[in-house]
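The values are calculated or read from the model by the stated rules, or taken from the named source; none is laboratory data. The structure displayed is predicted, hence computed values, not measured ones. So basically every Cβ, Gly included, is an ideal-geometry build from the backbone, and we count neighbours across all protein chains shown.
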Amino acid sequence: MICPDCGHDNIDGVDACDACGQSMVQFDPQGGDLEQTINRHPIEVLVHKEDAIVEHDTPVRTVIEDLISKHIGSALVVSNGQLVGVFTERDVLNKVTPDLDAALERPVSDFMTPSPETITSQDSIAYALHAMDLGGYRHMPIVDDTGKPQGVLSVRDILRFLRVRFAKLDT
């Protein structure tokens, strides 16, 4: 099996080229309904809940109250309009609750995940799913070309889209 990237002659059936490491698994451009749907649609087609965008010096108590009132699981943390971190329900459980009384009045930047992986609204749903799976994320910040936050993509947003999409396919 000849590698399309480097021309190395590999043993038939290998998953990756022995010389350059490039994937030798053939992508089926037609694919099934699922593959076509998630590859063809950009993130911008997903309808997601209202987002929470907070300044880095906002007290944790205020951010948690905002998350609860909006029924969401994450907040984007900004400084001068630029994304600097993400604060999620996991951060509350793992970082805030061990010393709850002292933590609630501290700034959210003390507990956020700094410099999070991001996606753009033009990235495909498949790309977002792949990035979320690799990183173990349930939420990913969506930013524009300048790094300004545009929203948060959640796994639930994707599941909601797929549920509606496949209900249409079944009828």
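Looking at region 75-126 only, could you name the residues that are closer than 23 Å to Gly151 by Cα and among the charged types (D, E, K, R)? Correct list: Glu89, Arg90, Asp91, Asp110, Glu117, Asp123. Among helices (runs of 4 or more DSSP H) entirely within region 60-139, having at least 1 residues that are in contact with a strand residue (DSSP E or B) (Cβ under 9 Å, 6 or more places away or on another chain) and surrounded by fewer than 19 Cβ atoms within 10 Å (Cβ to Cβ) singles out 60-70, 125-135.
Residues are listed down the side, and each one gets a yes or a no for (1) among the small types (Gly, Ala, Ser); (2) not assigned by TED's automatic domain parsing to the domain that holds Asp91:
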residue: Asn10; (1), (2): no, yes
residue: Gln36; (1), (2): no, yes
residue: Val47; (1), (2): no, no
residue: Asp51; (1), (2): no, no
residue: Val54; (1), (2): no, no
residue: Val60; (1), (2): no, no
residue: Ser69; (1), (2): yes, no
residue: Ile72; (1), (2): no, no
